[in-house]
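Written below as structure tokens is the structure these notes are about.
The values are calculated or read from the model by the stated rules, or taken from the named source; none is laboratory data. Since we're looking at a predicted model, the values are computed, not measured. Because the Cβ atoms are built from the backbone with ideal geometry, glycine has one as well, and the counts that use them run over all protein chains shown. Note: accessible area is taken over every heavy atom of the protein model, side chains too, but ligands, DNA and RNA are not part of it. Shrake-Rupley method; radii C 1.70, N 1.55, O 1.52, S 1.80 Å.
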Amino acid sequence: MSFDQYNYTVAERFLRYVRIDTQSDPFSESSPSTEKQKNLGRLLVSELLETGISDAVMDEYGYVYATLPANISKKVPVICFCSHMDTSPDCSGAGVKPIVHANYDGGDIRLPDDPSQVLTARNHPQLKHKKGHDVITASGSTLLGADNKAGLAEIMDAVHYLITHPEITHGTLRILFTPDEEIGRGVAHVDMGKLGADFGYTMDGESVGSFENENFCADKAQIEIQGISAHTGMAKGKLVNALKVASALIDALPKDGLSPETTENMEGFLHPLYFSGSAEKATVDFLVRDFTEEGLAAHEDFLRKLMDRTVKDFPGATAKMRVDKQYRNMQDILARHPQVSEYALEAIRRAGLTPAVHPIRGGTDGAMLSFKGLPCPNIFAGEHAFHSKQEWATVQDMQKAVQVIVNLCQVWEAHS
């Protein structure tokens with residue numbers, strides 16, 4: 001199989017998708033959290049129908065489902081390819097103006113809408129390897145949306161390739177595009193029966209060649225602090241300010257460890273994410289992360305003890321902590337199905353790449369799908385500098401991801 005003569009559609013699709021604002025909202029209780037995500041969903045359904053996929057549909061929750069039927073009679077497991085449509089709430093996704101820096105010369109890339117936003121090889125080491133590539137950025141005032149519209153475009157182009165190259169034999173493929181992944185609700189309403197897949201892959205990773213089959217275990221901890229309200233003119237000996245208690249708790253966190261900014265690799269952390277309230281009552285929401293459940297429990301025990309010690313310094317104040325489970329390490333599931341990872345690595349090698357296997361310091365839809373019964377590791381999409389105004393991707397890396405998807409379909413067929 002050769003892609004030498006193939007006219008890739010991945011770049012034009014990507015440039016089209018990133019212009020659609022699909023930012024999700026962690027404070028919304030609706031599903032999807034923002035209706036605008038459905039604008040992209042409708043476009044994707046339309047494009048799938050135009051390719052000849054007759055069952056493409058978006059449901060009430062904004063999930064897009066579609067099937068590329070097998071073109072052989074041989075029994076092959078049903079494989080799902082998944083990407084998410086939403087972009088992060090951390091940075092504006094409205095009015096994205098993508099810029100293609102063709103034949104990148106290796107120098108600094110200054111973004112025109114905000115000249116202070118400069119991509120350098122020092123701040124983005126992967127740029128050192130992209131000389132001659134066509135680098136795509138936003139204009140400096142928004143994120144780009146490569147996370148995860150690169151994955152969407154790659155899956156769509158791979159489907160286009162398979163449809164226009166019927167000589168490539170493959171089993172049944174299921175396509176799943178999800179909303180709200182960035183706020184941890186990406187698979188909350190997935191209909192696993194409707195999906196009907198045996199194994200899956202998310203296209204949501206970073207550097208070309210990378211493969212991830214392990215991720216953080218994750219909980220959310222919320223500490224609610226109750227102070228004592230009093231008129232400020234007569235507050236002496238009476239007022240206990242909950243905001244000050246919460247501030248003292250945050251300040252008591254370790255300065256040299258146990259935080260995102262001081263940890264790497266397999267190290268976990270506690271991360272205060274939201275702080276709200278008044279003098280009478282305040283809440284602090286924490287992300288708790290580790291690669292093992294034992295590590296999670298240890299971090300939560302540490303935080304609870306820190307809360308108790310802090311409250312003792314403010315007589316009259318009380319505090320309670322609630323922990324909500326979020327997701328767990330998909331390696332626990334994938335270890336039972338080693339072929340899912342082995343076949344992905346083979347597909348990456350067939351694309352002329354050297355696989356780089358490493359854990360995700362975060363989570364993906366695939367982690368949650370794995371625990372819903374669909375073992376689902378993560379393959380690179382070529383995204384870099386997620387959730388920031390300096391987010392970027394290259395056309396050539398996205399084309400490699402298209403090749404990997406097509407290769408993977410063939411690997412599953414060959415081993416079945």
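The table for this structure:
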quantity	calculated
Estimated distance in nm for a label pair at Thr318 and Ala335, the labels positioned 7 Å out from Cα along Cα-to-Cβ	4.2
Net dipole in debye of the chain [+1 Lys, Arg Cβ; -1 Asp, Glu Cβ; about Cα centre; nearest 20]	600
Highest-fluctuation residue, Arg336, Arg361, Arg42 considered, GNM on the chain with Cα pairs under 10 Å	Arg336
Candidates Gln403, Gln117, Gln23, ranked by Gaussian network fluctuation over the chain, Cα under 10 Å, top entry	Gln117
Gyration tensor over alpha-carbon atoms, segment 30-175, equivalent ellipsoid semi-axes in Å	34, 21, 12
Counted charge near Asp180, where neighbours are those whose Cβ lies closer than 10 Å (Asp, Glu -1; Lys, Arg +1)	-4
Calculated on alpha-carbon atoms, Rg and Dmax of segment 311-371 in Å	20.3, 66
Projected label distance in nm at Lys220 and Glu167, using a 7 Å step from Cα toward the beta-carbon	5.2
Only Lys, Arg (+1) and Asp, Glu (-1) charged, at Cβ; segment 118-237 dipole about Cα centre in debye	540
Per-pair calculated FRET efficiency, R0 = 60 Å: Met234 and Lys97 via Cβ, rounded to 0.05	0.60
Packing-based order for 319-328, 256-265, using average beta carbon neighbours within 10 Å, highest first	319-328, 256-265
Rg ratio (alpha-carbon, reference 2.2 N^0.38 Å) - segment 98-244	1.66
Separation between Cα centres of segment 155-180 and segment 1-23, rounded to whole Å	14
Residue (of Phe314, Val288, Gly257) at the positive-pole extreme of segment 254-316, dipole from beta-carbon charges	Phe314
Separation in nanometres of the label points that stand 7 Å from Cα toward Cβ, at Lys372 and Glu261	3.5
Antiparallel DSSP beta bridges within the chain, percent to nearest 5	75
Ser116 accessible area, assembled protein chains, probe 1.4 Å, Å²	90
For the chain, with +1 on Lys and Arg beta carbons and -1 on Asp and Glu, the positive-most of Gly382, Ala230, Ala138 along the dipole	Ala230
Among His337, Met156, Gly184 - extreme Cα towards positive end, dipole of the chain, charges at beta-carbon	Gly184
Percent breakdown of C-alpha pair distances by 10 Å bin, ordered from the shortest bin, for segment 365-416	21, 34, 36, 8, 1
Backbone N under 19 Å from the Asp191 label point (7 Å along Cα→Cβ), restricted to segment 347-382	369, 372-374
Segment 144-200 - charge dipole about Cα centre, Lys and Arg +1 at Cβ, Asp and Glu -1, debye rounded to 20	160
Overall form of segment 261-416 per C-alpha gyration tensor (a/c, 1.5; a/b vs b/c)	prolate
Percentage of interatomic Cα-Cα distances in the chain larger than 30 Å	46
Surface accessible to a 1.4 Å probe, Asp219 within the full protein complex, Å²	10
